[in-house]
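Here's the structure we're looking at; comments come further down.
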Amino acid sequence: MKFDEFRISIEPHLRDSSKWIVRVRHCSLPVPALLEEPFVCEPLVTRQDLDQLRNNRVHPDPTTLKELGQRVFQTMLPHLSWAYRHCYETAQRKGKGLRLTVSRLGTTAMGPPLAAGPITIGIDELPIEAAFHKTFSFIAASPKTPVSWAVAAKPDRDAKPVAAPLRVLTVISEPRHHPPVAGNAEKKAILKSLGPLLTNNAVVVNFCHPPTFQELRLRLQEGYHVLHFIGHGAFNAIPADQIPQPHLYFEDDKRRSRPVDGEQLYMALTSSNVPLVVLTACSTAAPSPRFPNHYPGLAFEGLAQALVERQAGPSAVVAMQFDIENEAARVFSSAFYEKLLTTPDCTVDGAAAEARSALLAEFGAHNRAWLTPSVYSRCRDGRVFRLEKLRSRLTNNKRAALLPIDTKLQAYRENQEDIASQKIPEIRAALRSTRQHNELVIQQLVKDRARVFGNLVSLYGGHTGPDGTIECVLTLSLGAAGVIDDARVSFRESTEFEFVRGACGRDVPEARFRNLPDLPLEVVVHHMSGGRVWDVAPEYEIATLTFRLTDTSDKSLYDIKLAEARIQFNGKWRNFDTQDGIVFGSEATAATISE
Amino acid sequence: MNDGRTRDVILEFTSSAASGEDALAVRAWRDEQQYYRSPLAAKHWDVRLPKLFSETLGAGTDWRREISSAESAKQRGHQLWSGLPDPVRQMILHPGSPDLTKIALVRTGSGVDDLPWEWLNDNENPLAVQGSIRLVRLVPSSYPAPPLTIPLPIRVLLVLASPDASRVVDGRREIDVVEGALRNSALYECKAIKGWEHGEIEKALAWAPHIFHYLGYAGISGTRGSLLLHDMDRGTRWMPATELAAILPPSVRLVCLSTYVGVDNYELGGFMKFAQSPAEIPLPTTIVNQHSLDRGTATEFWKEFYPQLTARNGNVTDAFHFARVAAWRASGETCSWASFSLVIRDGSGHPFRLSEGGDQEENRFAAEVQAQWAARMANTLAVRMRPLQGAVQEQWQNVLQTEIDHIKALERKISGVASSREIR
């Protein structure tokens, strides 16, 4: 299902600690004034409500939960339920759902001296997943109306393109002297839900054995797209330093408990580029507990929040805001992965909503299991990754070789974008050679990357000219020698570039370019190697292509994306891996195009 | 990075695996590069701080919002000192040669960072004001950015950012605490703005200031500190370190975050969290207020700091130390002086070099900005490389070395620009 977005932010009121300010940051309503207006609200959820929700022994009954959910809704959307409803109806008419994203700017609940009035709960404590409205029922439990948290006012990550197979690394940690987590049942449920995908090798699920933190750090270097931790988590003082920190409990080599905090986990993830982390462990998305007589500094928050808000952290974390029972974790994981990985373009909050709905159906509204999963995300459209078609099977060695190259490439790209964002002319001029230095490094990394693959179709870009045109070269590399007959290479549609012309590459007899309106560009070559056996060594030039930049923003980097490469290799059609072209913008080009 | 006349003692406090109340562990390194190369090799010792968290940081004590007495800070500081293991105390007290010891407390992202380590006290006087010691906070860099040579006057952008409007804050008197130190100095050019909005600050930064001095409220959002912008009537604008770092031009090599002295701050701990943001955020070295202080001490600090900065050729660590000593002398019966904390984020604590200008100033500026950018890249790579192990780490080391070679080449270029006349 596709979604419109209704994004709000909540911040503390500086002079009245009993109030918050809610603002609509994005919605489909054509009412600009709505986006400017701060709505003052009084949090209608009390600490007693939270205690009731967090109580592991007695869950609130459905009537109480509905009544609490109504107060959550009114707190989040004070005088705004009409706008939400209107956006929902608009989305529905388009056959879409409506995602509600809540950004919290500030969490303070300690009653700062500026503010008069009673101290409320912290913004981060608001159980947004419980929101109830008579028209929608529990909105977070409906797959049409997912609810998630964001850590900033504006999401800033695009979906990461992932060539199949999608790789999931699962840690099942059951240290001695801790209650069993029934990890095997959850493992089986995940594997069952992904059955056909596993059979087709579209998804690979690996397990981290032994489930130690040391082993996890090593395994992450193999390159994964999802890290899933099944085990125990807690907000605890370790051992008794009075600072409550969130921890995951790994095993050590003697199966004793080894607590790992958010900082350690983040550091392990910085070089692994894992875009999604799933934690089916208790309290991993719980906000910092308020210890009235201990530590009031709000130094910490849940693991989920701490991981997502960091620069090199994952794009999204799905974790548990309360304690979760084994059976509920099993149902959650099964429904979540089934939805996320088998539905094209599924959003992470959409998959979580589906899983909440499954929990509600399984355990009923009186069991708080369905509102336990929380989603923290910084993804622009809710999608963490964009699954691409199944291509070659990379070996572990190749995948491990790609990881550092991709991480470096990412770091240089970010550095290049920082340079482009400089506004002072003298500084832009001073950094011109740094920009060139980075371009050289990026081009080298792209070549290094191509060398790791066996069969690969690559597009090499370069600099845009003053008129915005860019010459690119389309090449073919082989993992084994063979005769190449026909080939079809298709491109993704782009709003930033248009195709101008193409010419046959020096190594092929002829190339045709299909560029029909409303269809993506396709390059077709017949009898590519002319019946000769092509060797592994050189990169063969298929075509030279000229594109023109149509984007007027002053970006330093663009990608011209390839969609698919079908190559007839020794008489059999095969899907080759593809590498997108990186194109460097220039200040002169941006100025020309703007004119 | 060590400047040759100072001995570094880099200390990292973390929660300990040992049992017992208020138990911590401490590791020590000799320099920042070693910190990156051998993250786990350093030996660690247990630290005992009986009831310190519950008593010092408990809700009842509220040490950030109230100005603690000198006596109470002394006691707590001595408690912190006594909790340190002997080998660490020896490292600090008997450093051998050279005589100057820089105690640098590394950011770990844990609540231990929030302890007022500036109160550390071995005997009569706090360590932080002793002549042979420089006590700073540190966000380690794998490679330091070379100083930026700046022709005088130094440009200071002073931002009074009150989201609470002038109804509560006496803007003129607040600005005076800082601007008073700069007003009659030919060595500084100060532009003061009432930066209600993010956009206005961004516009003002086109002036390419060297120091960004923020005066206002701090807030905390989760683990992040924020600056609070925007007028209250239209809602606040919370600016985390990532956002400020994104709009600061590379000419800004020092950020100062001052609290109001006429009204209470909102969530003062936010400044320290802001300044101690993770290393991957390219925020310059930052001076912050970590707890409330009185007007006299604040005025005295800035009155001393800015002249010291030019007198010491842009060495922020030294200028900060002497300003802290002046503030300590002015604090009387309170520990207002300890509100000031220096967080070194550029690998040296010496972000400026002062010059009288010259023919090739433009070339030099370009090379220095490029070197700064290359150092930023090297640090990003080092941060992402630190958790790696084995062969992969070696591969990364090669890429990191490319950047370090690039910085070195730029440094040679910088020192080759001979016509610039440094003041000293």
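The values are calculated or read from the model by the stated rules, or taken from the named source; none is laboratory data. Quantities reported herein were computed from a predicted structural model and do not represent experimental measurements. So basically every Cβ, Gly included, is an ideal-geometry build from the backbone, and we count neighbours across all protein chains shown.
For this structure, a couple of remarks:
- Checked against the criterion of being at pLDDT below 90 and among the small types (Gly, Ala, Ser), the candidates A:313, A:350, A:382 yield just one match: A:313.
- For the stretch A:409-449, the set of residues classified as farther than 29 Å from residue A:538 by Cα and more than 9 Å from every other protein chain (Cβ to nearest Cβ) consists of A:416, A:417, A:420, A:425, A:428, A:435, listed by residue number.
- Among the candidates A:518, A:486, residue that is more than 14 Å from chain B (Cβ to nearest Cβ) and either in contact (Cβ under 8 Å) with a residue 40 or more places away in the chain or under 30 Å from residue A:411 (Cβ atoms) (or both): A:486
- Filtered residues of the stretch A:81-102 (kept if surrounded by fewer than 23 Cβ atoms within 10 Å (Cβ to Cβ) and under 14 Å from residue A:23 (Cβ atoms)): A:83, A:102
- Restricting the stretch B:143-153 to residues that are more than 14 Å from chain A (Cβ to nearest Cβ) and crowded, with 23+ Cβ neighbours inside 10 Å leaves a set whose member that is farthest from residue B:382 (Cα to Cα) is B:144.
- Beta carbons closer than 6 Å, at least 6 apart along the sequence or on distinct chains, pair a first residue in the stretch A:30-43 that is in the same structural domain as residue A:86 (by TED's automatic domain parsing) with a second that is of a type in the set (D, E, K, R) for A:38/A:23; A:40/A:19; A:42/A:19.
- Of the numbered criteria (1) surrounded by fewer than 18 Cβ atoms within 10 Å (Cβ to Cβ); (2) within 24 Å of residue A:398 (Cα to Cα), the one residue A:442 fails is (1).
- Filter result for the condition that a residue is at pLDDT 90 or above, out of contact with any Leu (no Cβ under 7 Å at 6 or more places or on another chain) and not in a loop (DSSP other than H, G, I, E, B), over A:279, A:216: A:216
- Top-ranked residue in the stretch A:449-459 [being under 26 Å from the mean Cα position of the chain (by Cα) and part of a helix (DSSP H, G or I); ranked as nearest to residue A:503 (Cα to Cα)]: A:450
- Any pair with Cβ under 9 angstrom, 6 or more apart, that starts in the stretch A:137-165 at a residue that is free of Cβ contacts under 8 Å to residues at least 40 places away in the same chain and ends at one that is not in a strand (DSSP E or B): A:137/A:66; A:137/A:69
- Within the stretch A:462-480, residues that are on the phi > 0 side of the Ramachandran plot reach partners that are not polar (S, T, N, Q) with beta carbons closer than 8 Å, at six or more positions or on different chains, in the pairs A:462/A:470; A:462/A:471; A:462/A:472; A:462/A:583; A:462/A:584; A:468/A:548; A:468/A:549; A:468/A:593.
- Those residues of the stretch A:445-504 which are out of contact with any Lys or Arg (no Cβ under 9 Å at 6 or more places or on another chain), surrounded by fewer than 17 Cβ atoms within 10 Å (Cβ to Cβ) and among the β-branched types (Val, Ile, Thr), in sequence order: A:495
- Filter result (modelled with pLDDT of 80 or more and assigned to a loop (DSSP other than H, G, I, E, B)) within the stretch A:391-421: A:421
- From the options B:364, B:312, B:324, B:345, residue that is closer than 27 Å to residue B:145 by Cα, basic (Lys, Arg) and over 19 Å from the mean Cα position of the chain (by Cα): B:364
- Enumerated helices (runs of 4 or more DSSP H) restricted to the stretch B:251-360, each holding at least 3 residues that are surrounded by fewer than 24 Cβ atoms within 10 Å (Cβ to Cβ) and more than 14 Å from chain A (Cβ to nearest Cβ): B:295-311, B:316-330
- Filter result (at pLDDT below 70 and more than 7 Å from every other protein chain (Cβ to nearest Cβ)) within the stretch B:223-240: B:230, B:231, B:233
So that you can scan it fast, the table gives a plain yes or no per residue for (1) within 14 Å of chain A (Cβ to nearest Cβ); (2) surrounded by fewer than 24 Cβ atoms within 10 Å (Cβ to Cβ); (3) over 19 Å from residue B:86 (Cα atoms); (4) of a type in the set (A, V, I, L, M, F, W, C):
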position: B:104; (1), (2), (3), (4): no, no, no, yes
position: B:107; (1), (2), (3), (4): yes, yes, yes, no
position: B:113; (1), (2), (3), (4): yes, yes, yes, no
position: B:117; (1), (2), (3), (4): no, yes, no, yes
position: B:122; (1), (2), (3), (4): no, yes, no, no
position: B:126; (1), (2), (3), (4): no, no, no, no
position: B:131; (1), (2), (3), (4): no, yes, yes, no
position: B:134; (1), (2), (3), (4): no, yes, yes, no
position: B:141; (1), (2), (3), (4): no, no, yes, no
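Yes/no per residue for (1) polar (S, T, N, Q); (2) crowded, with 24+ Cβ neighbours inside 10 Å:
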position: A:302; (1), (2): no, yes
position: A:319; (1), (2): no, yes
position: A:338; (1), (2): no, no
position: A:347; (1), (2): yes, yes
position: A:351; (1), (2): no, yes
position: A:367; (1), (2): yes, no
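- Restricted to the stretch A:2-18, and to residues there that are away from chain B (no Cβ under 11 Å) and surrounded by fewer than 18 Cβ atoms within 10 Å (Cβ to Cβ), the residue that is farthest from residue A:103 (Cα to Cα) is A:2.
- Wholly within the stretch A:25-86, helices (runs of 4 or more DSSP H) carrying at least 2 residues that are in contact with a Leu (Cβ under 6 Å, 6 or more places away or on another chain): A:62-76
- Exactly one residue out of A:566, A:532, A:574 is farther than 18 Å from residue A:492 by Cα, under 30 Å from the mean Cα position of the chain (by Cα) and of a type outside the set (Asp, Glu): that is A:574.
- Residues (over 25 Å from residue B:7 (Cβ atoms) and polar (S, T, N, Q)) located in the stretch B:315-333: B:331
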